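One structure follows; several queries about it will come next.
Computed from the coordinates by the stated procedures, all read-outs in this text should not be read as laboratory data. For clarity, every value in this text was computed on a predicted model and none was experimentally measured. As a convention, Cβ positions derive from the backbone with ideal geometry for all residues, glycine included, and neighbour counts pool all protein chains shown.
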Amino acid sequence: MDKEIQKIIEDLYDMDPSLKKYEKEMEQLIKRLIEAKPDIKLNAEFVENLKRQLIQRTKDVSEADIPKFSGQFAVLRKLVYGLSGALAMALVIMVLISSNLIPIKSHKVFENYVTQKGDNAFVDFGNIQTSQDGQALYNNSGVGGGAPASEANYMAKTEEATVSAPMGDVAVRSMAVSGDTVSSPGVSEGSSGSGAIAPMPPYYGDPTYKYVYKGTLPEITEDKMNVYKYSTYTTDDSSLMNVLASFDFNLLNLKSFEGLKLDYINLSEKADDGYAITIDFNGGTISMNKRMEYWVLATEKCAGDAKCISNAGDVKPLTLADVPSDEEIIKISDSFFEKHGIKTDIYGKPVVNNEWKKYSQDFIPDTLSIIYPLMMDGKNAVDENGNPVGIGVNVNIREKEVASVWELRAQRYDSSLYEVEKSNEAILKLAENGGWNSFQYGDPNNIAEVELGEPTLSYMKIYDYSGNSFRADEYFVPAYIFPIVKRPDSMVDTWKQNVVVPIVKGLENNPPQAVPYGMMR
Amino acid sequence: MSEQTAIIQCISGNVSEFAKLYEAYVQPVYRFIYYKTHHRETAEDITSATFMKALEKIQTFNPNKASFKTWLYQIARNNVIDHYRSHKESMDIEDVWDINTGENIETDTDTKMKLDSVREYLKKLKPEQREIVVLRVWDGRSFQEIAEITGKTEASCKMMFKRTVDKLRGDMAVLALLIYFINN
């Protein structure tokens with residue numbers, strides 16, 4: 001019996017053994033059916049013609065696939081291909097480098113967009129939780145938890161206590177975070193456990209600062225302004241997952257797991273001094289670092305051995321003369337971005353962070369950082385301290401090369417109009433106390449004046465921790481950023497460069513919860 | 001370059017490798033379509049449409065769900081249905097068995113008569129029964145592949161095939177008698 005017929009018949013017997021008694025008939029039947037199969041001859045000309053058409057079509061397919069973009073950021077709107085294309089291309093390059101096997105076309109992985117929602121579409125900013133809970137802070141800081149804070153009315157209580165309590169006395173002051181309203185007088189600092197009461201520490205002579213702005217505020221014409229919420233990131237990773245699924249990992253069957261998705265990809269260049277790249281599909285970010293196992297700071301090579309250092313000309317400590325100009329540092333970064341297809345069109349002019357010069361000019365760091373500030377609606381995007389947020393770059397000034405890049409991020413948001421505070425009096429009152437996230441621990445009877453410069457209307461990034469998800473919701477809200485232009489000598493916290501005053505209604509009365517006094521110092 | 005590598009490259013965007021997949025599969029796909037149309041020009045048109053669509057959708061192909069061949073067959077099957085939906089509105093879109101047969105089949109007269117007689121029996125089957133018989137017997141597809149192509153379960157494909165063959169066997173006497181007269 002022909003093997004083909006035999007296999008078909010055996011299959012039938014497996015299904016119904018009683019058919020065995022009709023073996024002869026079955027064999028004849030299957031044989032006749034097979035004989036009845038049309039004898040098809042494929043036209044060679046047709047095959048060739050279709051092949052030519054397909055080859056032509058492959059070129060069209062390769063050149064097509066233009067990304068869609070809708071948004072409100074004036075700059076973003078012009079840059080459909082901007083960061084998303086750059087990120088996608090970076091991904092392509094990375095895979096090429098790492099595998100040398102698969103030439104990958106650009107897929108639109110990280111796209112930029114803004115979607116306008118209805119008014120007040122997100123949350124009531126008077127009720128969000130703008131800092132982590134007490135346990136989280138305790139865990140993160142290593143400092144005792146302390147008494148829980150009241151929430152929306154915290155600022156009012158602090159002001160009242162500050163004004164009324166004499167030095168050395170005990171005041172109602174919430175040092176820790178989250179939980180119920182403080183119900184008994186006292187202060188806790190560094191004492192673990194919620195609700196713990198501890199004596200208030202001395203003021204160490206610190207005054208209470210009064211932040212004064214003597215100019216006029218820029219006029220806000222709109223009653224409502226957009227608030228931007230970072231859109232929960234979802235990535236179409238099907239193509240990459242398909243590629244992964246086609247590999248036999250030998251140690252396990254990847255296909256046996258259901259609903260696998262990509263969270264992170266870590267890639268590294270083969271070169272010893274190459275870059276390691278991390279792609280966070282959930283966060284929509286890419287970061288890269290010069291590989292640490294090969295990148296040893298010159299000053300560390302000798303492990304403090306003075307003789308080694310003196311003998312090794314290239315590891316001598318840097319001097320101020322070795323520090324390139326800001327323009328040179330930025331040029332190194334720009335060249336790196338250009339080489340790797342990282343576009344900065346939606347970002348403002350890069351700025352070198354020279355804060356280190358304030359503290360020491362004896363020790364020159366090997367790396368200096370640059371920020372490419374993100375722009376939203378033509379306004380600076382800043383953090384809660386008024387510092388710019390955007391793509392960060394570390395440049396190794398000894399090697400004159402980029403050491404790391406972070407916050408290379410897909411900019412995708414939902415936006416919604418919210419009512420804004422237009423009362424100059426209310427804005428200046430909040431500024432006077434140090435701004436939205438300021439906590440005063442000084443002597444209320446000793447007032448020192450801090451002078452503020454003209455504010456800029458910016459977008460301040462805040463987090464809402466009140467949700468149940470692992471990730472806090474991230475918002476950009478309009479805020480005035482007042483630069484500190486003159487400070488008294490007694491003001492030791494020189495890290496504070498700005499006073500920030502959010503103008504979204506409700507948020508001005510809902511500041512982050514106080515940081516323990518010990519941490520402040 | 002292996003077929004699997006070509007598939008991975010295509011999924012990854014390097015569709016220039018698609019020509020290799022075309023060369024490997026144009027014959028079976030055309031045959032599969034021809035079995036369902038019995039008309040050369042129609043089969044060629046639908047084969048063209050099938051490979052064009054496969055090229056455009058290759059990046060959505062999921063090797064976890066089906067083999068590449070099965071995926072192509074699914075596209076071809078849908079194209080056949082679409083073709084008759086748009087060209088033969090009054091016709092049962094799955095029953096294209098009545099379309100012109102034999103004109104481009106180069107066989108001798110006796111064989112043609114034998115084949116036609118068997119096809120007459122196939123023609124009496126329900127379209128879904130006939131599809132499974134053709135896929136299993138003419139095209140040599142496994143029941144798993146047939147299930148993936150037709151969207152049925154493997155068990156239901158096996159059961160339908162068994163019942164269909166059983167029915168044909170019941171008509172065997174008539175068929176045998178017919179063949180006897182043809183051969184003699």
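Multiplying the sequence separation of A:GLN497 and A:GLU449 by 0.36 nm and subtracting their Cα-Cα distance, what value in nm do you get?
15.8 nm
As an exercise, use a Förster radius of 56 Å and the Cβ-Cβ distance of B:LYS65 and A:GLU328 to find the FRET efficiency, rounded to the nearest 0.05.
The calculated FRET efficiency here is 0.55.
Further question on the same structure: Considering only DSSP states other than H, G, I, E and B, which chymotrypsin sites (Phe, Trp or Tyr not before Pro) in segment A:396-487 qualify as loop sites with at most 10 other Cβ atoms within 10 Å?
A:PHE470
Quick one: length gained pulling A:ASN127 to A:LYS422 fully straight, 0.36 nm per residue minus the C-alpha distance?
104.2 nm is the gain from fully extending A:ASN127 to A:LYS422.
Kindly count the pairs of lysines across segment B:3-87 whose alpha carbons are less than 20 Å apart, treating pairs on different chains or eight or more residues apart as eligible.
9
Which parts of segment B:7-22 would a label at A:GLN56 reach, counting a residue when its backbone N lies under 13 Å from a point 7 Å out along Cα-to-Cβ?
Those under the cut-off are none; the list is empty.
While we're here: Mind checking which lysines have their Cα closer than 30 Å to the Cα of A:LYS400? Skip sequence neighbours fewer than 8 apart in that chain.
Within the straight-line cut-off, A:LYS400 pairs with A:LYS270, A:LYS290, A:LYS301, A:LYS307, A:LYS316, A:LYS331, A:LYS339, A:LYS343, A:LYS349, A:LYS357, A:LYS358.
Then there is this: Which FRET efficiency, nearest 0.05, do A:LEU254 and A:LYS214 yield, Cβ-Cβ r, R0 51 Å?
0.20
Still on this structure, I have one more. With a/c under 1.5 counting as rounded, go ahead and sort segment B:3-87 into rounded, prolate or oblate using the C-alpha gyration tensor (a ≥ b ≥ c being the square roots of the eigenvalues; past the cut-off, prolate if a/b is larger than b/c, else oblate).
It is prolate, given that a/c is not under 1.5 and a/b is the larger ratio.
To continue, here is another question. Between rounded, prolate and oblate, where does segment A:365-432 land on the alpha carbon gyration tensor, with a ≥ b ≥ c its root eigenvalues, rounded for a/c under 1.5, else prolate if a/b exceeds b/c?
Judged from the Cα gyration tensor, segment A:365-432 comes out oblate (a/c at least 1.5, b/c at or above a/b).
Between their Cα atoms, which of A:LYS3/A:LYS24; A:LYS24/B:LYS152; A:LYS461/A:LYS505; A:LYS51/A:LYS255 are more than 25 Å away from each other?
Going by Cα-Cα distance, A:LYS24/B:LYS152; A:LYS51/A:LYS255 fall outside the 25 Å limit.
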